[in-house]
Every structure is written in structure tokens, then in C-alpha cells.
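Asks: Pasting in a structure now, in C-alpha cells, and then I'll have a few things to ask.
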Amino acid sequence: MQFGDGQGYDGHLGCVASKTSAAGTSTTITINASAAYTAWLAATPTYAALDYDPLLDKFLFYHGGETGKVYTITPNAGTAWDMDVLTTTGTPGAAPASGAGINKRFQYVPALKGFVLLPQASSNLYFLRTA
């Protein structure tokens, strides 16, 4: 899942998302209209990270341009999925992403039941418990 080409170009494409089956068949995924999706489109996220949390059964998307704001995408059997903003309490906002973006530096760690984030090479690690 990415905005446009994921690098700040082709924004007219909006959300580009797909899922691939074990057989290699690709299916386009759309996101249902919501306040979160409207905010996500307005943020025009680039160089972002998306990872799956099996305990929540959601994908979490973070791009660092909206410090500490994490979007959730709830998959289902169909091709129209829901997007929300993850509600967190007592969690400090992470430092903004470097100019190179977040890329894969926001990742689910099963043993910790949460996500680890390294926003910049020179920053601290941040942890977000999700279960």
C-alpha cells in the first residue's frame, strides 16, 4: 500500500493497494471512505512502512510525516477495506522521519507483541505495544 508511487510522485493515483494470493494472483484493494482515509490522502505519505499485526488482524501504516500518527487498515475477504487511526494513550510521539522516510523501520516484532520504530539513524528506538 502506498500513496501514488510511494515516493512523492504520481499523487493523482491516490491510494495504490493490492493483495497477492499464494498462487501469485494480484487483486486491487480499495479503502472505504472515512475521516482517517481523507486525512491519509491529505498527508500524501511518502517512503512509509506497512506491517501486519496478527493479534489485531490489522495492517499498521506509519510514514513519520504526522509524528506519532499510525493508521490501521482492517483486511477482510472482499476488496474494500477500512482505515482508521490507531488510538494510543500515554505514548510519546516518535521523532519525525528522516528525509529518507521510514521505509521498513517500523516493524512488528511477534515476541514483543508490538511495533518497533527507528525514525532516524541517530534517534532512539520507539516501541508501540499492540497486544
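Asks: If the requirement is being exposed (fewer than 13 other Cβ atoms within 10 Å of the Cβ) and at pLDDT 85 or above, which of these qualifies: 22, 39?
Replies: 22
Asks: Now for a different question. Looking at the stretch 18-39, which of the residues that are in contact (Cβ under 8 Å) with a residue 24 or more places away in the chain and in contact with a Ser or Thr (Cβ under 9 Å, 6 or more places away or on another chain) is nearest to residue 97 (Cα to Cα)?
Replies: 36
Asks: Within the bounds of the stretch 19-32, is there any residue that is in contact with an Asp or Glu (Cβ under 7 Å, 6 or more places away or on another chain) and closer than 18 Å to residue 130 by Cβ?
Replies: Scanning the stretch 19-32 turns up no residue that is in contact with an Asp or Glu (Cβ under 7 Å, 6 or more places away or on another chain) and closer than 18 Å to residue 130 by Cβ.
Yes or no, residue by residue, for (1) on the phi > 0 side of the Ramachandran plot; (2) over 16 Å from the mean Cα position of the chain (by Cα); (3) among the aromatic types (Phe, Trp, Tyr):
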{"site": "12", "(1), (2), (3)": "no, yes, no"}
{"site": "27", "(1), (2), (3)": "no, yes, no"}
{"site": "41", "(1), (2), (3)": "no, no, no"}
{"site": "49", "(1), (2), (3)": "no, no, no"}
{"site": "57", "(1), (2), (3)": "yes, no, no"}
{"site": "60", "(1), (2), (3)": "no, no, no"}
{"site": "82", "(1), (2), (3)": "no, no, no"}
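Asks: Further question on the same structure: When the residues of the stretch 97-127 are filtered to those that are in a helix (DSSP H, G or I) and among the hydrophobic types (A, V, I, L, M, F, W, C), which remaining residue is surrounded by the fewest Cβ atoms within 10 Å (Cβ to Cβ)?
Replies: 111
Asks: If I go through the stretch 14-25 residue by residue, how many of them are touching a Phe, Trp or Tyr at 6+ places or on another chain (Cβ under 9 Å) and on the phi > 0 side of the Ramachandran plot?
Replies: Of the residues in the stretch 14-25, 1 are touching a Phe, Trp or Tyr at 6+ places or on another chain (Cβ under 9 Å) and on the phi > 0 side of the Ramachandran plot.
Asks: Checking the conditions here, which among 25, 72, 130, 87 is among the hydroxyl-bearing types (Ser, Thr, Tyr) and closer than 18 Å to residue 6 by Cα?
Replies: 72
Asks: Now for a different question. With the requirement that a residue be of a type in the set (A, V, I, L, M, F, W, C) and either touching a Lys or Arg at 6+ places or on another chain (Cβ under 9 Å) or surrounded by fewer than 13 Cβ atoms within 10 Å (Cβ to Cβ) (or both), what does the stretch 1-19 give you?
Replies: Selection gives 13 alone.
Asks: Among the listed residues 85, 70, which satisfies the condition of being in contact (Cβ under 8 Å) with a residue 24 or more places away in the chain and surrounded by 18 or more Cβ atoms within 10 Å (Cβ to Cβ)?
Replies: 70
The values are calculated or read from the model by the stated rules, or taken from the named source; none is laboratory data. Given the structure is predicted, the values throughout are model-derived calculations rather than measurements. All Cβ positions, even for glycine, are placed from backbone atoms using ideal geometry, and neighbour counts span all protein chains on display.
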